[in-house]
Amino acid sequence: MVLHENQPQVIEACQRGDPDALAQLFETHRDRVYSIALRFTGDRAAAMDILQDVFVKLLSHIKDFRRDARFDTWLYRMVINACLDHQRRRRRLLAGIGDFFDFFSSPRETVLAEMLKAEAAEHVRQTVARLAPEQRAVVVLRYTEGLSYDEIAEILGCSKGTVASRLNRAHRILERRLMRFRNMGGSSHA
């Protein structure tokens, strides 16, 4: 999330109930919140619901924000919790991470290459969708948001070692499941 030089003043104004500051905070962070929610749920409508939930919670809890934490970390934690709550309520699997891996890269893609790439991307999305929520959260935060282990640990409220462990388990699972796909793809398209 982009931190602006005036962010502390905007947060203070929000804590006082200034509607212009609340609007500015929303404008600054809505795209990132929506993006995380969309990547986690794979569902545009669910991502919009999560976006709304997060900002309703933010508005009701902004007075609880303490300056001993970074605002973006506090907001990330709120977003991840809303995503996990959504998943528990709806029991939906992740349908879209976006272009998580780029299996096929060619300067001039043919129709067949595009079809293979779309098939591979869908398989990756489905494979990530089957990860445990804790593993999926670290994968989304690490690879789609580019956060460090320290940042992820702070957001999820766990140790850096736990982040590394969850990411390592996710890598092993993804590697095993995706290797089967590559082997199947290689034999059927050869």
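The values are calculated or read from the model by the stated rules, or taken from the named source; none is laboratory data. Quick caveat: nothing in here was measured; it's all calculated off a predicted structure. Virtual Cβ from ideal backbone geometry, glycine too; neighbours counted across all protein chains shown.
Of (1) exposed (fewer than 15 other Cβ atoms within 10 Å of the Cβ); (2) at pLDDT 85 or above, Ser188 satisfies all except one. Which?
In the conditions (1) exposed (fewer than 15 other Cβ atoms within 10 Å of the Cβ); (2) at pLDDT 85 or above, Ser188 misses (2) alone.
Are any residues in region 18-49 part of a helix (DSSP H, G or I) and either of a type in the set (Gly, Ala, Ser) or touching a Ser or Thr at 6+ places or on another chain (Cβ under 7 Å) (or both), and if so, which ones?
The answer is Ala21, Ala23, Ser35, Ala37, Arg39, Ala45, Ala46, Ala47.
Contact list please: Cβ distance under 7 Å, first residue in region 168-183 and under 15 Å from Ala129 (Cα atoms), second residue modelled with pLDDT of 80 or more and not in a helix (DSSP H, G or I), pairs at least six apart or on different chains.
Listed by first residue and then by second, the contacts come to Ala170/Leu131; Ile173/Leu131.
If you go through region 52-64 one residue at a time, how many are touching a Leu at 6+ places or on another chain (Cβ under 9 Å) and either free of Cβ contacts under 8 Å to residues at least 40 places away in the same chain or surrounded by fewer than 18 Cβ atoms within 10 Å (Cβ to Cβ) (or both)?
4
Among Gly146, Gly98, which is the only one that is surrounded by fewer than 15 Cβ atoms within 10 Å (Cβ to Cβ), at pLDDT 75 or above and assigned to a loop (DSSP other than H, G, I, E, B)?
Result: Gly146 is the single residue among Gly146, Gly98 that is surrounded by fewer than 15 Cβ atoms within 10 Å (Cβ to Cβ), at pLDDT 75 or above and assigned to a loop (DSSP other than H, G, I, E, B).
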